[in-house]
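The values are calculated or read from the model by the stated rules, or taken from the named source; none is laboratory data. Worth saying up front: this structure is predicted, and the values here are computed from it rather than measured. Positions of Cβ are generated from backbone atoms using ideal geometry, with glycine treated the same way; all protein chains shown enter the neighbour counts.
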Amino acid sequence: MAYPYQIKSLEEYQQNYQQSVIDPEGFWANVADHFYWRRKWDKVLEWNFKDPDVKWFTGGKLNITENCLDRHLGTLGNTPAIIWEPNDPEERHRVITYRDLYNKVCQFANVLKNNGVKKGDRVCIYMGMIPELAIAVLACARIGAIHSVVFGGFSAQSIADRIQDAQASLVITCDGAFRGNKDIPLKSVIDDALIGCPSVKKVIVCTRTRTPVSMIKGRDLWWEDEIKQVETMGNPPCPAEEMDAEDMLFILYTSGSTGKPKGVVHTCGGYMVYANYTFVNTFQYQPGEVYFCTADIGWITGHSYIIYGPLSAGATTLMFEGVPTYPDAGRLWSIVDKFRVNTLYTAPTAIRSLMGYGLGPVNHKDLSSLKKLGSVGEPINEEAWHWFKDHIGKGRCPIVDTWWQTETGGIMITPIAGITKEKPGYATLPLPGIQPILVDETGKEITGNNVNGNLCIKFPWPGMLRTTYGDHERCRTTYFATYDNLYFTGDGCLRDEDGYYRITGRVDDVLNVSGHRIGTAEVENAINMHAGVVESAVVGYPHDIKGQGIYAYVITEKQSHEAELVKRDILQTVSRIIGPIAKPDKIQFVSGLPKTRSGKIMRRILRKIAEGELDNLGDTSTLLDPAVVEDIKRGRL
Ligand code: WTA
C-alpha cells in the first residue's frame with residue numbers, strides 16, 4: 001500500500017485518534033518512520049506552551065526535498081509531479097515529471113549557490129503562479145535557505161517590510177505575472193520595494209510576460225542566464241543540505257489583530273510529516289490521481305497543499321496560473337475536464353462568485369473525473385456548500401471543509417473524504433493528533449456538546465508554528481498567553497450535539513476577505529497615512545461573495561466637496577501601503593468615533609452598524625459622547 005498511515009474507515013479513524021491522544025509520540029513516530037531521514041530522531045517531542053518551546057523529532061536529520069523528489073525517482077521518475085495550466089487557455093500547458101522537477105530544482109539550487117546563498121539565509125520570492133515558483137521554493141529548501149514567499153497582490157511597501165524583517169539577501173521574481181486580463185509588473189514593484197532594503201544583494205528575474213524591466217548592473221540577473229551558466233558547468237548535481245528537524249524551512253507573513261504582519265516560522269521535520277499526513281488522509285489521495293488546489297503559493301494553502309504535501313506524497317499536483325473567471329466563469333470546470341482532475345480544493349469565495357454565473361459555464365463540462373472536493377480559508381455557507389456538492393460534485397463527491405491556519409501548518413479539523421459523515425458548514429472532527437478545546441473568556445474549558453466558545457488546541461502537533469521570526473515574545477503573547485497552556489486560534493467555534501465542530505469566524509480584529517487574512521489595525525494604519533485623515537476605524541461586515549467586506553469609518557481634517565474623489569484617493573493609499581487586497585469596500589466619513597472614557601474605540605458598535613443592525617447596538621451609556629453613534633447611524637452606507 002502506498003501510504004501505510006492512510007486511514008481507511010471510520011473505525012480506523014477513531015482508533016487512530018484514540019491512539020494519538022493516549023500516545024502522541026508513538027503515533028507520530030509511526031508516521032514519521034515512512035519518510036526518508038538521513039538520521040533518525042533521538043526524541044519525538046519536547047514541549048511547553050509557556051515559553052513556548054516545541055520541538056519535534058529532535059536530533060533527526062533530513063532534507064524535505066529528498067522526500068519530495070529524490071525518493072520518488074526510482075518509482076515515479078516519469079510520473080507528472082506538476083501539471084501547469086497557463087492563464088491563457090490557448091497557451092500550451094506544461095507537464096513536469098518527478099525527474100524533470102528534480103533536475104530543475106537541482107539546477108536552480110546551484111544558481112542560488114553560485115550567487116552566494118547559504119544555509120540559513122533568507123530568500124524572498126515574489127512571483128506569479130508558474131512552475132518556476134515551485135522550483136524556486138524547492139531550490140531554497142534544497143540548500144537550506146529559508147524561503148519567504150510574498151503573494152503577488154502585496155504592494156512594494158509590504159514587500160519591503162517583509163524583506164527588512166527577515167533581512168533577506170536575495171529576491172527571486174518575474175518580469176511580470178499574467179492574472180486574468182491583467183499583466184502585473186512584479187519586477188517594477190520589487191524595484192520600488194528594494195529602495196529601502198540594503199540587505200538584498202541580488203535579484204533573480206524569471207521571464208514570463210516580457211514586459212520591459214529595469215535591470216540594475218551588479219544586482220539584477222536573469223534566471224535564464226544563470227541557468228545557462230550552470231549548464232556550461234555541466235549541470236552538476238546539487239546534493240541536499242542536511243537539515244536538523246528543527247531548522248527553519250520557511251517564513252510566511254500573516255496578519256494578526258495588532259501591528260505589522262508577523263513572520264510565522266515552520267521547521268523542516270514536523271512540517272513535512274504533518275503536511276504529508278494531512279494531505280494523504282484528508283483527501284484520501286490514491287496514486288495516479290490528479291489533484292488540483294486553486295490557491296496561490298503566496299498563501300499557506302499553496303505551500304502545504306500545492307507543494308509540500310502533494311510532492312512529499314508523490315502526487316500529481318496541478319498548478320493554475322490564472323483566475324477562475326478568465327476567460328470565462330467556466331475556467332475551473334474546463335481545467336477539471338481537460339486534465340481529468342480527481343480532487344478539487346478551492347475556497348468558498350470562489351464558489352460563491354462562480355455560483356453567480358449560473359449553471360451555463362458548468363453545463364457542458366465533463367466533470368465525471370471528480371471524486372473529492374475541498375474547501376478552505378473561511379466558513380462555507382450552506383448555499384455554497386450545496387451548490388458545490390450538487391452541481392460540481394454531482395451529488396457523488398464528498399466535500400472536505402478543512403479548517404486550519406498559517407500557524408497550524410496543515411489541516412486541523414476536517415472530514416476525511418468519503419469516511420467522515422459530512423454536515424454542511426461544519427469542519428466536523430479533528431484529525432488524529434489534534435486536541436481541540438473550547439474555552440470561555442476566562443479560559444475555563446467548556447465541556448459537553450451544543451456549546452460555543454473560543455477554539456484552542458491543548459497539545460502540540462508536528463506542523464505547528466515554532467516562533468514568529470525575530471520576535472519570539474510576539475509569538476508567545478499572540479498565541480500562548482491568552483490562556484494558560486493552550487494555543488489560542490483566534491477563532492470562535494461551536495460544538496454541536498454530535499461533537500462536530502463548526503468554525504464561526506474570528507473573535508479578534510482579523511478580517512477574512514475572500515479567504516485572505518487582513519488585520520483591521522493594518523488597514524487603519526494605512527488609511528491614517530493618507531493626507532488629511534485624522535483617525536479611522538475598520539471593521540468587517542457580511543459580504544455576499546467575499547465572505548467579509550471591509551468597512552472603514554474615517555475622520556478627516558475638513559469636509560471635502562469631493563468626497564467620492566477623496567475616497568478613491570484613500571483607496572489608492574491603502575493599495576500603495578498594503579496592496580489592492582486590503583482596499584476597503586466602503587468608506588464612511590464621520591465626525592467622531594464611539595469611544596469609551598478611556599479612549600478605546602467601541603468596535604462592537606461600529607461592527608453592528610456596518611452589519612446594518614441599527615436597533616441592536618447594546619449598551620452605549622459608557623461612551624464619552626453617545627451622540628456620535630446617532631450621527632454614524634444616519635450616515636451609514
Ligand atoms: C479561517 C488558511 C471556517 C479561520 C488555511 C482561520 C476557516 C483563518 C476555515 C486562517 C474553514 C480557515 N472554515 N474558517 N474551513 N479555514 N478559516 O492563516 O478564521 O490564511 O483562523 O489560513 O481562516 O487563515 P489563514
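Assorted remarks:
- Breaking point among (1) in a helix (DSSP H, G or I); (2) farther than 30 Å from ARG71 by Cα; (3) aliphatic (A, V, I, L, M), for ILE335: (2)
- Qualifying residue in the range 508-521 (condition: touching a Pro at 6+ places or on another chain (Cβ under 8 Å) and more than 16 Å from the ligand (Cβ to nearest atom)): no
- Count of residues meeting criterion [outside any strand (DSSP E or B), in contact with a Gly (Cβ under 8 Å, 6 or more places away or on another chain) and at pLDDT 95 or above] in the range 133-156: 6
Yes/no per residue for (1) in contact (Cβ under 8 Å) with a residue 40 or more places away in the chain; (2) crowded, with 20+ Cβ neighbours inside 10 Å; (3) over 20 Å from THR301 (Cα atoms):
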position: LEU465; (1), (2), (3): yes, yes, no
position: TYR469; (1), (2), (3): yes, yes, no
position: TYR483; (1), (2), (3): yes, yes, yes
position: ASP508; (1), (2), (3): yes, no, yes
position: ILE518; (1), (2), (3): yes, yes, no
position: VAL523; (1), (2), (3): yes, yes, yes
position: VAL538; (1), (2), (3): yes, yes, yes
position: LEU565; (1), (2), (3): no, no, yes
position: ARG568; (1), (2), (3): no, no, yes
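- Of all residues in the range 256-299, those satisfying the criterion of being within 16 Å of the ligand (Cβ to nearest atom), farther than 29 Å from LYS119 by Cβ and of a type in the set (Ser, Thr, Tyr) are SER257, THR258, THR282, THR294.
- Exactly one residue out of ASP631, ASP585 is under 30 Å from PRO185 (Cα atoms), among the acidic types (Asp, Glu) and at pLDDT 90 or above: that is ASP585.
- Members of the range 367-384 that are within 11 Å of the ligand (Cβ to nearest atom) and either at pLDDT below 95 or surrounded by 18 or more Cβ atoms within 10 Å (Cβ to Cβ) (or both): GLY374, SER375, VAL376, GLY377, GLU378, PRO379, ILE380
- Within the range 212-244, if we keep just the residues that are among the acidic types (Asp, Glu) and in a loop (DSSP other than H, G, I, E, B), the residue that is farthest from LYS118 (Cα to Cα) turns out to be GLU242.
- Of all residues in the range 386-410, those satisfying the criterion of being within 11 Å of the ligand (Cβ to nearest atom), part of a helix (DSSP H, G or I) and buried (at least 21 other Cβ atoms within 10 Å of the Cβ) are GLU407, THR408.
- THR467 being over 25 Å from GLY547 (Cα atoms) and in contact with a helix residue (DSSP H, G or I) (Cβ under 7 Å, 6 or more places away or on another chain): yes
- Residues that are small (Gly, Ala, Ser), closer than 30 Å to SER621 by Cβ and out of contact with any Cys (no Cβ under 8 Å at 6 or more places or on another chain) do occur in the range 548-561, at least one of them.
- Residue within the range 355-366 that is on the phi > 0 side of the Ramachandran plot, away from the ligand (no atom under 11 Å from the Cβ) and not charged (D, E, K, R) present: yes
- Taking the criterion of being hydroxyl-bearing (Ser, Thr, Tyr) and either surrounded by fewer than 23 Cβ atoms within 10 Å (Cβ to Cβ) or part of a strand (DSSP E or B) (or both), the residues of the range 26-70 that qualify are TYR36, THR58.
- Residues that are in a helix (DSSP H, G or I) and buried (at least 24 other Cβ atoms within 10 Å of the Cβ) within the range 157-175 comprise SER158, ILE159, ARG162, ILE163, listed in sequence order.
- Checking each residue in the range 170-209 for being small (Gly, Ala, Ser) and in contact with a Phe, Trp or Tyr (Cβ under 6 Å, 6 or more places away or on another chain) picks out only GLY180.
- Qualifying positions in the range 411-463 - of a type in the set (Ser, Thr, Tyr) and away from the ligand (no atom under 13 Å from the Cβ): THR420, THR442, THR447
- For the range 605-630, the set of residues classified as surrounded by fewer than 14 Cβ atoms within 10 Å (Cβ to Cβ) and assigned to a helix (DSSP H, G or I) consists of ALA627, GLU630, listed by residue number.
- In the range 324-353, the residues that are farther than 30 Å from PRO542 by Cα form Cβ pairs under 8 Å with partners that are hydrophobic (A, V, I, L, M, F, W, C) and assigned to a helix (DSSP H, G or I), at six or more places apart or across chains, as follows: VAL341/ILE335.
- Scanning the range 291-316 for residues that are farther than 19 Å from SER148 by Cβ, part of a helix (DSSP H, G or I) and not hydrophobic (A, V, I, L, M, F, W, C) yields a total of 3.
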